[in-house]
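Novice: Sharing a structure below in structure tokens format, with a few things to ask.
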Amino acid sequence: ATHYMLEAKDLGLDTTWVGFFDTPAINEAFPETCGYDLVGLFPTGHADPEKGGPSPRHTQRKELGEYVVEL
């Protein structure tokens with residue numbers, strides 16, 4: 001998967017790894033995926049130069065105590 005993403009970038013394309021998706025919906029839309037254990041989707045194309053950067057929330061982080069409990 002990483003090599004696919006690196007090759008896409010080398011070809012001047014942008015992509016992202018989508019790891020959470022509705023597998024039955026994907027299988028219905030793309031019957032050729034039936035029988036495969038899908039672990040990721042990689043939408044690929046040309047980014048909008050004005051919106052091609054990461055989301056403003058990309059660098060925002062929750063405090064560790066919000067999701068980790070020390071036992």
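Novice: At pLDDT 85 or above and not β-branched (Val, Ile, Thr): which single residue out of 40, 52, 65 fits that description? Working first, answer last.
Specialist: Values: 52 fails: at pLDDT 85 or above; 65 fails: at pLDDT 85 or above.
On inspection, the qualifying residue turns out to be 40.
Novice: Of the numbered conditions (1) at pLDDT below 90; (2) open to solvent by 60 Å² or more (accessible area, probe 1.4 Å), residue 14 fails exactly one; give the number of that condition.
Specialist: Against the list (1) at pLDDT below 90; (2) open to solvent by 60 Å² or more (accessible area, probe 1.4 Å), residue 14 comes up short only on (2).
Novice: Determine, yes or no, whether residue 22 is open to solvent by less than 70 Å² (accessible area, probe 1.4 Å) and either among the charged types (D, E, K, R) or touching a His at 6+ places or on another chain (Cβ under 6 Å) (or both). Walk me through how you get there before you give the answer.
Specialist: Values: open to solvent by less than 70 Å² (accessible area, probe 1.4 Å): no; either among the charged types (D, E, K, R) or touching a His at 6+ places or on another chain (Cβ under 6 Å) (or both): yes.
Here the answer is no, as residue 22 does not meet what is asked.
Novice: If you don't mind, there's one more thing I want to ask. Which of the residues spanning region 7-37 are more than 15 Å from residue 47 (Cα to Cα) and under 14 Å from the mean Cα position of the chain (by Cα)? Talk me through it step by step, then tell me what you get.
Specialist: Our first condition is that a residue be more than 15 Å from residue 47 (Cα to Cα); within region 7-37, this holds for 7, 18-37.
Listed by number, the residues that qualify are 18, 19, 20, 21, 22.
The values are calculated or read from the model by the stated rules, or taken from the named source; none is laboratory data. Because the structure is predicted, anything quoted here is derived from the model rather than measured. Quick reminder, even Gly has a Cβ in these numbers, built from the backbone with ideal geometry, and neighbours come from all protein chains shown. Accessible surface is based on the protein model in full, side chains and every heavy atom, while ligands, DNA and RNA are left aside. Shrake-Rupley method; radii C 1.70, N 1.55, O 1.52, S 1.80 Å.
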